[in-house]
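K.L.:
Sending over a structure as structure tokens; questions will come in a sec.
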Amino acid sequence: MSGISSRAGEAKRALTLKSHDLAAMTLALALGKRGLGQCWPNPSVGVVIADSRTGQIISCGWTGRGGRPHGEAIALAAAGEAARGATLYATLEPCSHWGKTPPCADALIASGIQRLVYGGVDPDPRVSGQGLARLRAHGVEVIEGPLPREARWLALGHELRVTAKRPFVQLKLALDADGMIPAGNGAPVWATGEDARAYGHLLRAQADVIIVGSGTVAADDPELTCRLPGLADHSPVRVVLARDAALPRNAKLFRQAAQFPLWVIGCADPPPKNKAELDRAGATYIAVQAGPGGYPDVGAALHALAERGITRVLLEGGPKVAAAFLAADVIDEAVIFAGTGRSPGERIAPFGPAGMRKLIARDGVQLVSTGTIGPDRVSVYRRREFW
């Protein structure tokens, strides 16, 4: 019966949607992506206000840096009196509680918005349907919009932080034509071309933090910043998982810690002997329980990040770190770049002898897109339960 009722609900919603609702919600989702990586601990919400009759766009907004102002407030301020009688499209339910700002639901009511088309219900128990109920009680027409799956994916980091006490985890791997990872020798060795690497930097800009292991720091001496033109300030917090928190003293991560935040997650409590050195560099040390091999436990590390407001993680660590996250079953999305040539020097098989099959052949994982970026191929895999 649940399948029948679900289809009946979809049919009923389709009757209330207008021809221009899909285009407006598509735009709202695109706007919401602009805030990814910039507004934690809040979700990034895209908002569009349009004429209810014609669908003409009146104003747009998305969540501001650091989570304030909310996308609804930005779009309403831009629309002014033109919001009265209009439709507001929001990728997530407007909030209904007082935090650092007044409830967005109250702002919608005061603005005279006639209709709300929303992407998903906020899982935060302070909201969780209460924003929608308040709007309905004040005569606003409230409709679940098109593209609910895409709206959930946009807010998945927020959802998982609330419900699972961990962030969303996105794995990025760059492989050569043989499916191998080139091993660094004090500097990175590229398996893919410039276009694919640029896309990888865009993924960094959309993440709250980027995680590598101490082995990657020693092998590649990475910066882990976003080096796309104009997006340096979108660089994520750099996080290093280290058994003893001992990192090379001349590592670029240390030299840039005053400009780009560096967090080191280790197992030592009391703090390691080099804690003073971390402090001088401007790094933050986070102690968690140890897991297999004496390395930081993956679940404990993610929980510690969630407690600090992190909603989205980009995992760029080497094979050992990737395998640990896979074993913990916390990889929600994998973005796999495949180059066209064989990498020079030493190479490493991802996830051991089974290679990529160990990641992509699991139950509950599906390929959602594949294409080319320059000469290279990129494939995206996601958990079916979230998509």
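K.L.:
With the radius of gyration and the Kirkwood radius both derived from the Cα set of the stretch 2-159, what is their ratio Rg to Rh?
P.N.:
On the way: Rg = 14.3 Å, Rh = 15.2 Å.
Using only Cα positions, Rg/Rh for the stretch 2-159 is 0.94.
K.L.:
What size of dipole, in debye to the nearest 20, comes out for the stretch 166-386 about its Cα centre when the only charges are +1 on Lys and Arg C-beta atoms and -1 on Asp and Glu C-beta atoms?
P.N.:
That gives a dipole near 80 debye.
K.L.:
Something else now. Can you sort Thr225, Thr101 from fewest to most other Cβ atoms within 10 Å of each residue's own Cβ? Numbers along the way, then the final one.
P.N.:
Working: Thr225 22, Thr101 13.
The fewest-first ordering by Cβ neighbours comes to Thr101, Thr225.
K.L.:
Could you tally the net charge around Trp153, taking each other residue with its Cβ under 13 Å from the Cβ of Trp153, Lys/Arg +1 and Asp/Glu -1?
P.N.:
+2
K.L.:
Among Ala155, Ala83, Gln366, which residue has its Cα positioned farthest towards the positive end of the charge dipole of the chain, with +1 placed on the Cβ of Lys and Arg, -1 on the Cβ of Asp and Glu, and the dipole taken about the Cα centre?
P.N.:
Ala83
K.L.:
Could you point to the residue in Met180, His201, Ser96 farthest towards the positive end of the chain's charge dipole, with +1 and -1 charges on the Cβ of Lys/Arg and Asp/Glu respectively?
P.N.:
Value computed over the given set: Ser96.
K.L.:
Report, to two decimal places, the Cα Rg of the stretch 166-386 normalised by 2.2 N^0.38 Å (N = number of residues).
P.N.:
Taking the Cα Rg and dividing by 2.2 N^0.38 Å, one obtains 0.97.
K.L.:
Highest GNM mean-square fluctuation, the chain, Cα pairs closer than 10 Å: which of Glu93, Glu194, Glu333?
P.N.:
Of Glu93, Glu194, Glu333, the most mobile in the Gaussian network model is Glu194.
K.L.:
While we're on this one: Quick one: grab the alpha carbon gyration tensor of the stretch 264-313, order the square roots of its eigenvalues as a ≥ b ≥ c, and give me rounded if a/c is under 1.5, else prolate or oblate depending on whether a/b is larger than b/c.
P.N.:
It comes out oblate by the Cα gyration axes.
K.L.:
Now for a different question. Please go through the residue pairs Lys320/Lys358; Lys172/Lys358; Lys33/Lys320 and name each one whose alpha carbons sit more than 19 Å apart in this structure.
P.N.:
Result: Lys33/Lys320 exceed 19 Å.
K.L.:
For the chain, what is the calculated [θ] at 222 nm in deg cm²/dmol (nearest 500), taking -39500 (n - 2.57) for each run of four or more DSSP H residues and dividing by its residue count?
P.N.:
Working: 14 runs with 122 residues, N = 387.
Helix contribution divided over all residues of the chain: -9000 deg cm²/dmol.
K.L.:
Cβ under 12 Å from Gly352's Cβ, Gly352 left aside: what net charge do those residues give with Lys, Arg +1 and Asp, Glu -1?
P.N.:
In short, +3.
K.L.:
Let me ask something else about it. What fraction, in whole percent, of alpha-carbon pairs in the chain exceed 42 Å separation?
P.N.:
Percent of Cα pairs beyond 42 Å in the chain: 17.
K.L.:
Just to be sure I understand the model, the point goes 7 Å from the Cα along the line to the Cβ. What's the resulting Ala183 to Thr284 distance in nm?
P.N.:
3.4
K.L.:
Right, next: Let me see the pair-distance distribution of the stretch 214-310: every alpha carbon pair, 10 Å bin width, integer percents in order.
P.N.:
16, 48, 32, 4, 0
K.L.:
So if I take the centroid of the Cα atoms in the stretch 44-120 and the same for the stretch 232-286, what is the distance between those two points in Å?
P.N.:
39
K.L.:
Okay, next question. Determine the shape class of the stretch 183-255: with a ≥ b ≥ c the square roots of the Cα gyration tensor eigenvalues, call it rounded for a/c under 1.5, and otherwise prolate if a/b is greater than b/c, oblate otherwise.
P.N.:
Oblate is the answer for the stretch 183-255, as a/c is 1.5 or above yet b/c matches or exceeds a/b.
K.L.:
Taking amide H atoms as placed 1.01 Å from N in the peptide plane, list the residues 5 or more away in sequence, or in a different chain, whose amide H sits under 5 Å from that of Gly291.
P.N.:
Asp297
K.L.:
So, one more: Specify whether the C-alpha gyration tensor of the stretch 236-367 places it in the rounded, prolate or oblate class, a ≥ b ≥ c being the square roots of the eigenvalues: rounded for a/c under 1.5, otherwise prolate if a/b is larger than b/c and oblate if not.
P.N.:
Note, shape of the stretch 236-367 comes out prolate.
K.L.:
Let me ask something else. Picking from Ser214, Leu17, Thr225, whose Cα lies most toward the positive end of the charge dipole for the chain (charges on Cβ: Lys, Arg +1; Asp, Glu -1)?
P.N.:
Leu17
K.L.:
Please give the charge dipole size of the chain, origin at the Cα centre, charges +1 on K and R Cβ atoms and -1 on D and E Cβ atoms. Round to the nearest 20 debye.
P.N.:
For the chain, the charge dipole is close to 180 debye.
Readers should treat all values here as calculations from the given coordinates under stated rules, not as data from a laboratory. Just so it is clear, the structure is predicted and the values come from calculations on it, not from any experiment. With ideal geometry, Cβ positions are generated from the backbone for all residues, glycine too; neighbour counts draw on all protein chains shown.
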